[in-house]
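First the structure, in the form of C-alpha coordinates, and then the observations on it.
The values are calculated or read from the model by the stated rules, or taken from the named source; none is laboratory data. These numbers were taken from a predicted model, which means no experiment stands behind them. Cβ placement follows ideal geometry from the backbone for every residue including glycine, while neighbour counts extend to all protein chains displayed.
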Amino acid sequence: MRIAFIANPEAPGGWYRGIGPMLALSARGHEIRQVLLPRGEFRPHLVNGCDVLHVYRDHDAETLRLVRHAKEAGIAVVWDNDDNLAAVPKSNASYKEYGGAAGARAQQAIDKLIAMADLVTAPCRMLCEHYRERGARRTLLIENYVRDELPELRARPQGDTVTVGWLAGVEHHLDVERLPIRDALERLLRERAEVRVASIGVGVGIRDERYRHVKRLNFVNLPEEMVRFDIGIAPIADIPFNRGRSNLKVKEYAAQGIPWLASPIGPYVGLGEKQGGRLVPDDGWYPALERLVVKARERRKLAERAWKWGRGQTIGANAGVWEDALASAQGR
(Lines give C-alpha, C1' and ligand atoms only; values in the text may rest on other atoms or scores of the structure.)
Protein backbone atom coordinates (compact mmCIF):
# COMPACT_ATOMS: atom_id res chain seq x y z
CA MET A 1 0.00 0.00 0.00
CA ARG A 2 0.94 3.62 -0.49
CA ILE A 3 -0.03 5.33 2.75
CA ALA A 4 -0.04 9.04 3.57
CA PHE A 5 -0.48 9.99 7.21
CA ILE A 6 -0.98 13.03 9.40
CA ALA A 7 0.22 12.95 13.02
CA ASN A 8 1.72 15.52 15.36
CA PRO A 9 5.27 14.32 16.14
CA GLU A 10 5.32 16.37 19.36
CA ALA A 11 2.35 14.55 20.89
CA PRO A 12 2.75 11.08 22.46
CA GLY A 13 -0.50 10.05 20.82
CA GLY A 14 0.86 11.15 17.47
CA TRP A 15 3.67 8.67 17.96
CA TYR A 16 1.59 5.75 19.25
CA ARG A 17 -1.26 6.17 16.77
CA GLY A 18 0.63 7.57 13.79
CA ILE A 19 4.39 7.65 13.48
CA GLY A 20 5.11 4.37 15.29
CA PRO A 21 2.62 2.24 13.33
CA MET A 22 3.67 3.86 10.05
CA LEU A 23 7.34 3.09 10.70
CA ALA A 24 6.37 -0.52 11.40
CA LEU A 25 4.37 -0.66 8.15
CA SER A 26 7.32 0.82 6.27
CA ALA A 27 9.45 -2.05 7.60
CA ARG A 28 6.86 -4.40 6.09
CA GLY A 29 7.44 -2.90 2.66
CA HIS A 30 4.65 -0.34 2.42
CA GLU A 31 5.35 3.09 0.95
CA ILE A 32 4.83 5.68 3.69
CA ARG A 33 4.52 9.44 3.29
CA GLN A 34 4.20 11.83 6.25
CA VAL A 35 2.04 14.86 5.52
CA LEU A 36 2.77 18.15 7.27
CA LEU A 37 0.15 20.82 6.63
CA PRO A 38 1.20 24.49 7.07
CA ARG A 39 -1.79 26.54 8.20
CA GLY A 40 -3.62 28.29 5.40
CA GLU A 41 -2.06 26.18 2.66
CA PHE A 42 -3.65 23.47 0.56
CA ARG A 43 -1.26 20.87 -0.81
CA PRO A 44 -3.18 18.07 -2.54
CA HIS A 45 -0.01 16.72 -4.13
CA LEU A 46 0.98 15.40 -0.70
CA VAL A 47 -1.62 12.61 -0.96
CA ASN A 48 -1.98 12.20 -4.71
CA GLY A 49 -1.17 8.66 -5.82
CA CYS A 50 -1.71 7.15 -2.37
CA ASP A 51 -4.12 4.33 -1.54
CA VAL A 52 -4.93 5.43 2.01
CA LEU A 53 -4.79 8.64 4.04
CA HIS A 54 -4.50 7.99 7.79
CA VAL A 55 -5.26 10.98 10.05
CA TYR A 56 -4.54 10.99 13.76
CA ARG A 57 -6.79 13.47 15.61
CA ASP A 58 -6.31 16.51 13.32
CA HIS A 59 -9.55 18.26 12.38
CA ASP A 60 -8.51 21.77 11.30
CA ALA A 61 -9.56 23.44 8.05
CA GLU A 62 -6.49 22.25 6.14
CA THR A 63 -7.09 18.64 7.17
CA LEU A 64 -10.77 18.80 6.24
CA ARG A 65 -9.92 20.17 2.81
CA LEU A 66 -7.28 17.51 2.22
CA VAL A 67 -9.66 14.72 3.31
CA ARG A 68 -12.31 15.99 0.87
CA HIS A 69 -9.69 15.98 -1.89
CA ALA A 70 -8.62 12.44 -0.97
CA LYS A 71 -12.20 11.19 -1.14
CA GLU A 72 -12.75 12.83 -4.52
CA ALA A 73 -9.54 11.22 -5.77
CA GLY A 74 -10.64 7.75 -4.65
CA ILE A 75 -8.20 7.58 -1.73
CA ALA A 76 -9.48 5.74 1.35
CA VAL A 77 -9.55 7.79 4.56
CA VAL A 78 -8.97 6.51 8.09
CA TRP A 79 -9.52 8.93 10.99
CA ASP A 80 -8.17 7.96 14.40
CA ASN A 81 -8.39 9.38 17.91
CA ASP A 82 -7.50 8.06 21.35
CA ASP A 83 -9.37 10.48 23.63
CA ASN A 84 -13.00 11.43 24.16
CA LEU A 85 -12.60 15.09 23.22
CA ALA A 86 -16.30 15.72 23.85
CA ALA A 87 -15.78 14.93 27.55
CA VAL A 88 -12.61 16.90 28.38
CA PRO A 89 -12.97 18.13 32.00
CA LYS A 90 -12.90 21.87 32.67
CA SER A 91 -9.74 21.44 34.74
CA ASN A 92 -7.92 19.92 31.76
CA ALA A 93 -5.57 22.25 29.84
CA SER A 94 -7.21 21.08 26.60
CA TYR A 95 -10.60 22.44 27.69
CA LYS A 96 -9.79 25.77 26.01
CA GLU A 97 -9.73 23.93 22.71
CA TYR A 98 -12.40 21.31 23.28
CA GLY A 99 -14.78 22.88 25.80
CA GLY A 100 -17.48 25.51 25.47
CA ALA A 101 -17.99 27.30 22.15
CA ALA A 102 -14.54 26.28 20.88
CA GLY A 103 -15.37 22.66 21.68
CA ALA A 104 -18.65 22.87 19.77
CA ARG A 105 -16.79 24.11 16.69
CA ALA A 106 -14.15 21.40 17.07
CA GLN A 107 -16.85 18.74 17.41
CA GLN A 108 -18.57 19.96 14.24
CA ALA A 109 -15.30 19.55 12.33
CA ILE A 110 -14.74 16.10 13.84
CA ASP A 111 -18.27 15.04 12.90
CA LYS A 112 -17.61 16.07 9.30
CA LEU A 113 -14.42 14.04 9.25
CA ILE A 114 -15.86 10.87 10.72
CA ALA A 115 -18.80 11.08 8.31
CA MET A 116 -16.37 11.17 5.37
CA ALA A 117 -13.99 8.53 6.71
CA ASP A 118 -14.12 5.00 5.38
CA LEU A 119 -12.98 3.83 8.80
CA VAL A 120 -12.71 5.41 12.25
CA THR A 121 -10.29 3.76 14.67
CA ALA A 122 -9.95 4.15 18.45
CA PRO A 123 -8.17 2.25 21.24
CA CYS A 124 -11.20 1.32 23.36
CA ARG A 125 -14.76 0.08 22.92
CA MET A 126 -16.32 3.15 24.55
CA LEU A 127 -14.75 5.48 21.97
CA CYS A 128 -15.77 3.26 19.08
CA GLU A 129 -19.36 3.39 20.31
CA HIS A 130 -19.09 7.17 20.76
CA TYR A 131 -18.00 7.70 17.15
CA ARG A 132 -20.69 5.37 15.82
CA GLU A 133 -23.26 7.46 17.65
CA ARG A 134 -21.81 10.57 16.03
CA GLY A 135 -22.14 9.19 12.52
CA ALA A 136 -19.15 6.97 11.78
CA ARG A 137 -20.15 4.33 9.22
CA ARG A 138 -17.57 1.85 10.43
CA THR A 139 -15.36 1.79 13.52
CA LEU A 140 -12.59 -0.54 14.61
CA LEU A 141 -10.92 -0.98 17.98
CA ILE A 142 -7.13 -0.88 17.67
CA GLU A 143 -5.36 -0.80 21.03
CA ASN A 144 -2.33 1.34 21.77
CA TYR A 145 0.96 -0.53 21.71
CA VAL A 146 4.35 0.35 23.20
CA ARG A 147 7.63 1.23 21.57
CA ASP A 148 9.56 -1.81 20.33
CA GLU A 149 12.62 -1.16 22.46
CA LEU A 150 10.75 -1.00 25.78
CA PRO A 151 11.03 -4.73 26.71
CA GLU A 152 14.81 -4.44 26.27
CA LEU A 153 14.90 -1.80 29.04
CA ARG A 154 13.72 -4.13 31.77
CA ALA A 155 13.42 -2.77 35.28
CA ARG A 156 15.64 -4.28 37.97
CA PRO A 157 15.25 -4.29 41.78
CA GLN A 158 16.83 -1.22 43.37
CA GLY A 159 18.55 -2.79 46.37
CA ASP A 160 16.68 -2.65 49.65
CA THR A 161 14.26 0.08 48.57
CA VAL A 162 10.87 -0.29 46.86
CA THR A 163 9.87 2.54 44.55
CA VAL A 164 6.22 3.13 43.75
CA GLY A 165 6.05 5.09 40.51
CA TRP A 166 3.31 6.90 38.63
CA LEU A 167 3.80 8.01 35.03
CA ALA A 168 0.91 10.27 34.01
CA GLY A 169 0.23 13.60 32.33
CA VAL A 170 -0.39 16.69 34.44
CA GLU A 171 -4.12 16.45 33.64
CA HIS A 172 -4.28 13.52 36.09
CA HIS A 173 -4.35 16.03 38.96
CA LEU A 174 -8.11 15.49 38.80
CA ASP A 175 -7.53 11.86 39.76
CA VAL A 176 -5.34 12.98 42.67
CA GLU A 177 -8.20 15.17 43.87
CA ARG A 178 -10.95 12.56 43.47
CA LEU A 179 -9.16 9.41 44.66
CA PRO A 180 -7.47 8.74 48.03
CA ILE A 181 -4.17 7.96 46.31
CA ARG A 182 -2.22 10.75 48.05
CA ASP A 183 -3.34 9.51 51.48
CA ALA A 184 -2.37 5.95 50.59
CA LEU A 185 1.09 6.97 49.40
CA GLU A 186 1.72 9.25 52.39
CA ARG A 187 0.73 6.48 54.78
CA LEU A 188 3.00 4.07 52.93
CA LEU A 189 5.92 6.47 53.34
CA ARG A 190 5.17 6.88 57.07
CA GLU A 191 4.86 3.18 57.83
CA ARG A 192 7.40 1.58 55.48
CA ALA A 193 10.93 2.97 55.68
CA GLU A 194 12.01 1.13 52.53
CA VAL A 195 9.42 2.85 50.32
CA ARG A 196 10.19 5.60 47.84
CA VAL A 197 7.55 7.35 45.71
CA ALA A 198 8.12 8.95 42.32
CA SER A 199 5.77 10.65 39.90
CA ILE A 200 6.52 11.78 36.35
CA GLY A 201 4.25 14.49 35.00
CA VAL A 202 1.45 14.62 37.55
CA GLY A 203 2.30 15.99 40.98
CA VAL A 204 0.88 14.16 43.99
CA GLY A 205 1.54 16.97 46.49
CA ILE A 206 3.51 14.89 48.98
CA ARG A 207 6.01 16.66 51.23
CA ASP A 208 8.57 14.03 52.04
CA GLU A 209 12.25 13.68 51.20
CA ARG A 210 11.51 10.20 49.83
CA TYR A 211 9.07 11.57 47.26
CA ARG A 212 10.48 12.67 43.90
CA HIS A 213 8.49 14.58 41.29
CA VAL A 214 9.76 14.99 37.72
CA LYS A 215 7.40 17.58 36.25
CA ARG A 216 8.63 17.52 32.67
CA LEU A 217 10.55 14.86 30.78
CA ASN A 218 11.16 14.31 27.09
CA PHE A 219 9.00 11.52 25.68
CA VAL A 220 12.00 9.50 24.51
CA ASN A 221 13.59 9.59 27.99
CA LEU A 222 10.62 8.16 29.89
CA PRO A 223 11.90 4.55 29.94
CA GLU A 224 15.10 5.65 31.68
CA GLU A 225 13.00 6.97 34.58
CA MET A 226 10.50 4.13 34.62
CA VAL A 227 13.25 1.52 34.92
CA ARG A 228 13.64 2.66 38.55
CA PHE A 229 10.06 1.67 39.43
CA ASP A 230 9.40 -1.49 41.42
CA ILE A 231 5.62 -0.96 41.29
CA GLY A 232 3.73 1.11 38.73
CA ILE A 233 0.33 2.64 39.48
CA ALA A 234 -2.49 3.84 37.23
CA PRO A 235 -5.27 5.32 39.39
CA ILE A 236 -8.09 7.00 37.45
CA ALA A 237 -11.41 8.40 38.64
CA ASP A 238 -14.66 7.09 37.20
CA ILE A 239 -15.53 10.01 34.89
CA PRO A 240 -16.54 9.97 31.18
CA PHE A 241 -13.16 11.20 29.94
CA ASN A 242 -11.27 8.44 31.77
CA ARG A 243 -13.64 5.75 30.54
CA GLY A 244 -12.48 6.66 27.03
CA ARG A 245 -8.76 6.25 27.75
CA SER A 246 -6.55 3.45 26.44
CA ASN A 247 -4.75 0.79 28.48
CA LEU A 248 -1.33 2.01 27.31
CA LYS A 249 -0.14 2.97 30.79
CA VAL A 250 -0.15 -0.55 32.20
CA LYS A 251 1.37 -1.86 28.96
CA GLU A 252 4.27 0.58 29.38
CA TYR A 253 4.83 -0.69 32.91
CA ALA A 254 4.47 -4.33 31.86
CA ALA A 255 6.83 -4.05 28.90
CA GLN A 256 9.58 -3.06 31.32
CA GLY A 257 8.72 -5.84 33.75
CA ILE A 258 7.09 -3.56 36.31
CA PRO A 259 4.13 -5.06 38.24
CA TRP A 260 1.23 -2.64 38.24
CA LEU A 261 -1.90 -1.60 40.12
CA ALA A 262 -4.75 0.16 38.33
CA SER A 263 -8.30 1.35 38.85
CA PRO A 264 -11.05 -1.02 37.63
CA ILE A 265 -12.28 1.62 35.20
CA GLY A 266 -12.66 1.78 31.42
CA PRO A 267 -9.47 0.61 29.69
CA TYR A 268 -8.25 -1.54 32.58
CA VAL A 269 -11.37 -3.65 33.04
CA GLY A 270 -10.57 -7.26 32.21
CA LEU A 271 -6.85 -6.97 32.94
CA GLY A 272 -5.21 -8.53 35.98
CA GLU A 273 -2.63 -10.98 37.26
CA LYS A 274 -2.18 -12.68 33.89
CA GLN A 275 -0.95 -9.33 32.59
CA GLY A 276 1.21 -8.71 35.65
CA GLY A 277 -1.03 -6.52 37.74
CA ARG A 278 -4.10 -6.11 39.92
CA LEU A 279 -7.18 -3.91 39.86
CA VAL A 280 -7.76 -1.77 42.93
CA PRO A 281 -11.05 -0.21 44.13
CA ASP A 282 -10.97 3.42 45.22
CA ASP A 283 -10.77 2.52 48.91
CA GLY A 284 -8.21 -0.25 48.44
CA TRP A 285 -5.05 1.57 47.41
CA TYR A 286 -3.17 1.39 50.69
CA PRO A 287 -3.66 -2.35 51.37
CA ALA A 288 -2.90 -3.23 47.73
CA LEU A 289 0.29 -1.18 47.74
CA GLU A 290 1.39 -2.34 51.17
CA ARG A 291 0.94 -5.98 50.18
CA LEU A 292 3.17 -5.67 47.12
CA VAL A 293 5.79 -3.76 49.11
CA VAL A 294 5.92 -6.40 51.85
CA LYS A 295 5.52 -9.52 49.72
CA ALA A 296 8.58 -9.40 47.48
CA ARG A 297 7.89 -12.88 46.09
CA GLU A 298 4.44 -11.83 44.84
CA ARG A 299 6.00 -8.72 43.35
CA ARG A 300 8.59 -10.77 41.47
CA LYS A 301 5.97 -13.19 40.12
CA LEU A 302 3.83 -10.33 38.86
CA ALA A 303 6.89 -8.66 37.34
CA GLU A 304 7.68 -11.81 35.36
CA ARG A 305 4.09 -12.11 34.12
CA ALA A 306 4.07 -8.42 33.22
CA TRP A 307 7.21 -8.71 31.12
CA LYS A 308 5.99 -11.82 29.30
CA TRP A 309 2.74 -10.07 28.40
CA GLY A 310 4.38 -6.73 27.66
CA ARG A 311 6.79 -8.23 25.13
CA GLY A 312 3.82 -9.03 22.92
CA GLN A 313 2.34 -5.54 23.22
CA THR A 314 4.85 -3.67 21.06
CA ILE A 315 3.98 -1.70 17.94
CA GLY A 316 6.15 -3.95 15.77
CA ALA A 317 4.58 -7.14 17.06
CA ASN A 318 1.13 -5.78 16.24
CA ALA A 319 1.82 -3.98 12.97
CA GLY A 320 -0.44 -6.48 11.22
CA VAL A 321 -3.45 -5.04 13.06
CA TRP A 322 -2.87 -1.63 11.45
CA GLU A 323 -2.02 -3.23 8.12
CA ASP A 324 -5.32 -5.13 8.03
CA ALA A 325 -7.28 -2.05 9.12
CA LEU A 326 -5.87 0.20 6.40
CA ALA A 327 -6.26 -2.51 3.77
CA SER A 328 -9.92 -2.97 4.75
CA ALA A 329 -10.50 0.80 4.42
CA GLN A 330 -8.93 0.70 0.98
CA GLY A 331 -11.18 -2.21 0.03
CA ARG A 332 -14.26 -0.16 0.90
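In the set (1) surrounded by fewer than 15 Cβ atoms within 10 Å (Cβ to Cβ); (2) at pLDDT 95 or above, residue 278 fails one condition alone, (1). Taking the stated definitions as given, is residue 56 within 22 Å of residue 132 (Cβ to Cβ) and modelled with pLDDT of 95 or more? Considered against the rule, which asks whether it is within 22 Å of residue 132 (Cβ to Cβ) and modelled with pLDDT of 95 or more, residue 56 comes out as yes.
One line per residue, one yes/no per condition, for (1) among the hydroxyl-bearing types (Ser, Thr, Tyr); (2) closer than 19 Å to residue 269 by Cα; (3) out of contact with any helix residue (DSSP H, G or I) (no Cβ under 7 Å at 6 or more places or on another chain); (4) in the same structural domain as residue 249 (by TED's automatic domain parsing):
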| position | (1), (2), (3), (4) |
| --- | --- |
| 135 | no, no, no, no |
| 162 | no, no, no, yes |
| 174 | no, no, yes, yes |
| 179 | no, yes, no, yes |
| 190 | no, no, yes, yes |
| 198 | no, no, yes, yes |
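Quick check: anything in region 131-143 aromatic (Phe, Trp, Tyr) and within 29 Å of residue 299 (Cβ to Cβ)? No: zero hits.
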